[in-house]
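One structure is given below, encoded as structure tokens.
The values are calculated or read from the model by the stated rules, or taken from the named source; none is laboratory data. Source: prediction; values computed, not measured. Neighbour counts are summed over all protein chains in view; Cβ atoms, including those assigned to glycine, are modelled from backbone coordinates with ideal geometry. Protein only, heavy atoms only, side chains kept; ligands, DNA and RNA dropped before computing areas. Shrake-Rupley method; radii C 1.70, N 1.55, O 1.52, S 1.80 Å.
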Amino acid sequence: MIKKYTDFDLSARNTFRMKVRCALYVEVTEEVGFPALDWAALPQPILVLGGGSNLLFTADYPGTVLHLAIRTAPQLHEEKPGEVLVTVGAGVVFDDFCAWAAGEGLWGPENLSLIPGECGASAVQNIGAYGVEVKDILADIRAWDRLESRFVHIAPASCAYGYRRSNFKTAWKGRYIITAVTYRLSRDPRPVLDYGGVRKALEEKGVSTYPEISGHPRPDKREGPAAEGSGRGRSEAEAISGYVLTPQLLRETIIGIRRAKLPDPAEVGSAGSFFCNPVISREHFHRIEAIARADNGPDYRVPHYDTPDGIKVPAAWMIDQCGFKGKRLGGAQVYQNQPLVIVNESGSATPEDILGLERQVIAAVSAKYAIILRPEVEHI
Ligand code: EPU
């Protein structure tokens with residue numbers, strides 16, 4: 001239930017594989033462990049660790065690392081027409097939950113497939129990919145409130161979710177320890193396809209994405225063998241061209257896209273995207289466009305997305321334009337296929353290598369585009 005280890009090696013507990021140690025490592029496997037835990041007696045400060053996939057240990061940790069390992073399997077506990085609530089232990093690997101949902105024919109997390117980390121962290125970080133953020137499917141968060149020493153339920157609406165942001169990272173930092181997350185999934189198809197080449201990848205596989213384009217069924221086109229699937233979560237409108245778009249098929253497509261771009265965590269250490277994508281004003285964007293056209297020709301188009309807060313320009317593009325793809329410092333490297341990611345290429349990169357490369361990237365982007373990139377990875 002509660003295991004404790006002193007002077008613990010954290011290299012297998014952070015996906016960057018930094019060889020650092022902590023004074024005390026505590027693993028909690030059941031909720032009942034919390035009321036019994038004497039927080040004041042633990043070496044301070046205390047860091048609550050999930051999958052260790054979104055942080056950079058910059059040095060040995062002087063206090064306690066508390067690893068939450070509550071791995072309660074998905075429990076399907078309420079179903080209204082079209083809506084399914086599923087509660088999962090905070091320590092369940094998020095992609096295991098995605099795989100489970102796809103296997104059940106449930107829509108919701110499929111675009112978030114293969115994101116490293118655990119379910120608890122998904123709600124802290126508001127993880128996102130391919131047009132979906134976890135806030136879109138969160139229904140409830142159960143947590144231990146350290147301030148009031150009791151379990152509470154937190155409504156996602158009160159978490160101030162934004163792009164990779166939440167109250168858990170700011171106003172509430174250190175207060176709540178998430179023990180379970182309830183996701184709102186759906187048996188009715190709700191594919192999100194218009195981001196980052198998802199639709200194109202499906203169509204290259206011969207999967208029709210027609211219902212999303214037209215918004216209404218096209219029964220005349222329904223011909224050929226329908227793929228075998230769970231049968232659930234499938235509308236008649238989707239049986240087109242011999243393929244049926246299922247959460248499983250979308251999950252597999254997303255996994256294919258990610259594998260082509262992002263490092264395999266089993267092979268090389270990283271923490272996924274190292275920087276956030278900046279959101280800038282239209283005027284600033286025009287200045288960037290002018291620089292890009294001077295560099296790449298008058299017809300050059302700068303990749304960007306319009307958001308309610310301004311124009312989001314991919315940091316990967318800026319880092320690429322600054323010539324940093326594949327650049328090394330010590331054992332660290334800017335990843336060749338996706339320069340938003342810094343990898344522990346040698347397996348023995350030090351925190352200083354990563355931090356040095358981070359500084360170089362920030363300085364180069366700032367000098368060229370007058371944008372200070374903000375790290376997405378939390379520095380500990
Ligand atoms: N690009 C380049 N050169 C490159 C790679 C990319 O110019 O070498 C440009 C391209 O224009 C491309 C654009 O950057 O279209 C965006 O690249 P990508 O689609 O890979 O997405 P991203 O904005 O760099 C974000 C998330 C990822 C998520 C993808 C897909 C952040 C910080 N990162 O990356 O999340 O998987 O979108 O939705 O928002 C993570 O958080 O760890 C993560 C991997």
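Of the candidates 148, 133, the single residue that is under 27 Å from residue 45 (Cβ atoms), out of contact with any helix residue (DSSP H, G or I) (no Cβ under 6 Å at 6 or more places or on another chain) and assigned by TED's automatic domain parsing to the domain that holds residue 93 is 148.
Residues are listed down the side, and each one gets a yes or a no for (1) assigned to a strand (DSSP E or B); (2) in contact with an Asp or Glu (Cβ under 9 Å, 6 or more places away or on another chain); (3) surrounded by fewer than 17 Cβ atoms within 10 Å (Cβ to Cβ):
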{"residue": "326", "(1), (2), (3)": "no, no, yes"}
{"residue": "338", "(1), (2), (3)": "no, no, no"}
{"residue": "342", "(1), (2), (3)": "yes, yes, no"}
{"residue": "348", "(1), (2), (3)": "no, no, yes"}
{"residue": "358", "(1), (2), (3)": "no, no, no"}
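Filtering region 257-278 down to residues that are more than 11 Å from the ligand (Cβ to nearest atom) and surrounded by fewer than 15 Cβ atoms within 10 Å (Cβ to Cβ), which residue is modelled with the highest pLDDT? Result: 259. Answer yes or no: is there a residue in region 81-99 that is at positive phi and open to solvent by less than 50 Å² (accessible area, probe 1.4 Å). Within region 81-99, one or more residues are at positive phi and open to solvent by less than 50 Å² (accessible area, probe 1.4 Å). Which residue is nearest to the ligand (Cβ to nearest atom), if the candidates are limited to region 54-78 and must be open to solvent by less than 20 Å² (accessible area, probe 1.4 Å), in a loop (DSSP other than H, G, I, E, B) and touching a residue at least 60 places away in the same chain (Cβ under 8 Å)? Only one residue fits best here, namely 57. Within region 149-166, the set of residues being farther than 29 Å from residue 79 by Cα and more than 16 Å from the ligand (Cβ to nearest atom) comprises just one member, 149. The number of residues in region 279-300 that are outside any helix (DSSP H, G or I), within 15 Å of the ligand (Cβ to nearest atom) and open to solvent by 30 Å² or more (accessible area, probe 1.4 Å) comes to 2. With the structure loaded, tell me whether residue 146 is more than 13 Å from the ligand (Cβ to nearest atom), without any contact (Cβ under 8 Å) to a residue 40 or more places away in the chain and over 21 Å from residue 75 (Cα atoms) or whether it fails that test. It is false that residue 146 is more than 13 Å from the ligand (Cβ to nearest atom), without any contact (Cβ under 8 Å) to a residue 40 or more places away in the chain and over 21 Å from residue 75 (Cα atoms). When restricted to residues that are part of a loop (DSSP other than H, G, I, E, B) and open to solvent by less than 40 Å² (accessible area, probe 1.4 Å), region 312-324 contains 4.
Of the numbered criteria (1) over 17 Å from the mean Cα position of the chain (by Cα); (2) closer than 23 Å to residue 98 by Cα; (3) part of a loop (DSSP other than H, G, I, E, B), the one residue 192 fails is (1). Across region 302-340, the number of residues qualifying as within 7 Å of the ligand (Cβ to nearest atom), in contact with a Pro (Cβ under 9 Å, 6 or more places away or on another chain) and under 30 Å from residue 12 (Cβ atoms) comes to 6. Residue 85 fulfils the conditions (1) among the aliphatic types (A, V, I, L, M); (2) more than 23 Å from residue 201 (Cβ to Cβ); (3) within 15 Å of the ligand (Cβ to nearest atom) except for a single criterion, (3).
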